[in-house]
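S.K.: Following this message is one structure expressed as structure tokens.
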Amino acid sequence: MPNKVEIVVGGDICPTDDTRIFFENNDTDSLLNEVKSVLTSADLLVGNMEFPLTDNCQKAIKTGPILYGKEEYIEFFKAAGFTALGLGNNHIKDCGKRGVLSSLEICKSNGIKTVGAGINERKAKKPLIIERNGLKVGIMAFAEHEFNAAYENEPGANLFDVYTDYDQIESFKKDVDYLIIMYHGGIEYYPYPSPLLQKKCRKMIDKGADYVTCQHSHTIGVEEKHNHGIILYGQGNMIYGYRKYDLDWNEGLLIKINLEGKGEVLDVSIEYIPIKTTRTSNIRPMNKKESESLFLKMLNRCGRLKEDGFIEDNWTKFCESKKSLYLPQLYGKSRIFNKLNRIFNNKLIKLSYSDKNLMITKNIIRCESHNEVISSILNRDK
């Protein structure tokens, strides 16, 4: 029997008001349409479950929306053919510790493997190996630090640690034929990597990862080939409901990875299957015209990515456009102040704080030692 495996990696998944009925009725056929056959025909199907499974949500104290789904929704994932689910994201702890634990237990009892979260930090960091047809596929899942962290004696998500995880990637690659990393991070709706995100992901490839997909941004971004591997900065949504005034939200990519052979003669082919959420909240493959338009957009972004200085210049412009949003939040101002500050082009912040105040804040954030102190203080108050 030949060493041959077909892997499909889906993006972010979360039930919303318009899709919840499909989860409750376990109606994969109506929601997924022709996409379902792509999922169920794969030897290995993995996606990012961006919510905890729990019937008793004790809502976490945090900023941003609280996402969760009923425990019975696991039946939807089983019917769709999922082999494994990534739990390393910023919403897995939205219902506190119990939400993480129930998600892990429900997936395990229903035969779906998990990666990227655990009952403690050590367990959360454990990578996943799935063997099919004589090939070992490795999956690692990381999240950026929000209100989601696993600690020494507390369940949560696997936060990426530059001091230990690059070494783990290098070591783990020796145990598998092909290594996929699901990285839940980056800035929402931004289709390019930040300078730091690009450095991180390139280093993952340098240390042995074969494919890195950046999720969380809720928009399709850009692909970069780096050394032997591939990075996708922005996979878009898989199942996240329809938004009338946010068309990028309704688009996503399924990553189909075909492996054949073994060791030094492993042949790898990668195909992107663009999908779209319709006005009726169903998901369908993009038609030829839509796909061509999307791939042309991605190709143009690839070209920009190669331009000297583009990543830094574009990031600087993007950050400048977000100044009136971020600074009031940093200084603990109310939503009303935030809105007024944006209307007046950041002038209220400048009037409220002296240059010295701004310099002190800048130093606390950018200096590694000061940053460690303030982070430790804030983490103790979690």
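S.K.: Which net charge results when you count Lys and Arg as +1 and Asp and Glu as -1 among the other residues whose beta-carbon is under 9 Å from that of Tyr192?
M.R.: +2
S.K.: Please report the antiparallel percentage of the DSSP beta bridges confined to the chain, to the nearest 5.
M.R.: Roughly 50 percent of the DSSP beta bridges within the chain come out antiparallel.
S.K.: What is the extension gain from Thr280 to Lys108, computed as 0.36 nm multiplied by their sequence separation minus the C-alpha to C-alpha distance, in nm to one decimal?
M.R.: Here the answer is 58.7 nm.
S.K.: Work out how much length Gln329 to Tyr245 would gain on full extension: take 0.36 nm times their residue separation and subtract the Cα-Cα distance, in nm to one decimal. If you can, show how the numbers build up before the last one.
M.R.: Working: separation 84, 0.36 × 84 = 30.24 nm, distance 2.53 nm.
Gain on stretching Gln329 to Tyr245: 27.7 nm.
S.K.: A follow-up question, please. Hey, got a sec? Which trypsin sites (Lys or Arg not before Pro) in region 89-191 land in a DSSP loop and have at most 12 other Cβ atoms within 10 Å?
M.R.: Sites meeting the loop and neighbour criteria: Lys174.
S.K.: Give me the one-decimal nm value for the distance between modelled label points at Glu154 and Asp27, 7 Å along each residue's Cα-to-Cβ direction.
M.R.: 4.0 nm
S.K.: Next question. Order by neighbour count: Glu50, Glu260, Glu72, Glu121, fewest other Cβ atoms within 10 Å first, most last.
M.R.: Going from least to most buried by this count: Glu72, Glu260, Glu121, Glu50.
S.K.: Before anything else, pin down the relative contact order of the chain: Cα pairs under 8 Å, at least 6 apart, normalised by residue count, whole percent.
M.R.: 14 percent
S.K.: Another question about this same structure. With a 10 Å radius around each residue's Cβ, average the other Cβ atoms per peptide and rank 52-62, 291-301, highest first.
M.R.: 52-62, 291-301
S.K.: For a quick check: sort Phe22, Phe147 by the number of other beta carbons within 10 angstrom, fewest at the front.
M.R.: Numbers: Phe22 21, Phe147 18.
Ranked by crowding around the Cβ, least crowded first: Phe147, Phe22.
S.K.: OK, next. Calculate, for Glu188 and Glu131, the FRET efficiency according to 1/(1 + (r/R0)^6) with r their C-beta to C-beta distance and R0 30 Å; round to the nearest 0.05.
M.R.: With a Förster radius of 30 Å, E is 0.30.
S.K.: Moving on. Give me the distance between the Cα centres of region 1-64 and region 95-169, rounded to whole Å.
M.R.: Spelled out, the Cα-based centre of one part sits 17 Å from the other.
S.K.: While we're on this one: Using 0.36 nm times the number of residues separating Glu307 and Asn363, minus their current alpha carbon distance, what extension gain do you get?
M.R.: Difference between extended and current length: 17.0 nm.
S.K.: Another question, then. What percent do you get for the relative contact order of region 322-380 when only Cα pairs under 8 Å and 6+ apart count?
M.R.: RCO, region 322-380: 21 percent.
S.K.: What's the ranking of 85-91, 140-146, 75-81 by average number of surrounding C-beta atoms within 10 Å, highest first?
M.R.: 85-91, 140-146, 75-81
S.K.: Now for a separate question. So which of Lys4/Lys225; Lys125/Lys203; Lys123/Lys173; Lys93/Lys347 end up more than 28 Å apart by C-alpha?
M.R.: Numbers: Lys4/Lys225 23 Å; Lys125/Lys203 18 Å; Lys123/Lys173 18 Å; Lys93/Lys347 36 Å.
With Cα atoms farther than 28 Å apart: Lys93/Lys347.
S.K.: Quick one: order Met182, Met238, Met286 by neighbouring beta-carbon count within 10 Å, fewest to most. Could you put the intermediate results ahead of the total?
M.R.: Working: Met182 27, Met238 24, Met286 18.
Final ranking by Cβ density, sparse to dense: Met286, Met238, Met182.
S.K.: Can I ask one more? In terms of the Cα gyration tensor, with a ≥ b ≥ c the square roots of its eigenvalues, is the chain rounded because a/c is under 1.5, prolate because a/b exceeds b/c, or oblate?
M.R.: Values: a/c = 1.41, a/b = 1.37, b/c = 1.03.
Because its axes are fairly even, with a/c under 1.5, the chain counts as rounded.
S.K.: Still on this structure, I have one more. Using only alpha carbon positions, build the gyration tensor of region 307-382, then give the equivalent ellipsoid semi-axes as the square roots of 5 times its eigenvalues, largest first, whole angstrom.
M.R.: They are 22, 21, 12 Å, listed largest first.
S.K.: What distance in nm lies between label points placed 7 Å from Cα along the C-beta direction at Glu72 and Thr40?
M.R.: Simple spin-label model gives 2.1 nm for this pair.
S.K.: Do you know the relative contact order of region 128-249, to the nearest whole percent, from alpha carbon pairs under 8 angstrom that are 6+ apart?
M.R.: 20 percent
S.K.: Now, a different point. Using Cβ-Cβ distances only, list the Cys residues of the chain with no partner cysteine under 4.7 Å, sorted by number.
M.R.: Result for the chain is Cys14, Cys107, Cys201, Cys214, Cys302, Cys319, Cys367, no neighbouring Cys Cβ within the cutoff.
S.K.: Take peptides 191-203, 315-327 and line them up by average Cβ neighbours within 10 Å, highest first, as a rough protection proxy.
M.R.: Top of the packing list down: 191-203, 315-327.
S.K.: Would you calculate the volume per residue, in Å³, of the smallest convex hull containing every Cα atom of region 142-293?
M.R.: It comes to 143 Å³ per residue, whole-number rounded.
A short reminder: the numbers here are calculations on the coordinates, not readings from a lab. Just so we're clear, the structure is a prediction, and the values are computed from it rather than from any experiment. So basically every Cβ, Gly included, is an ideal-geometry build from the backbone, and we count neighbours across all protein chains shown.
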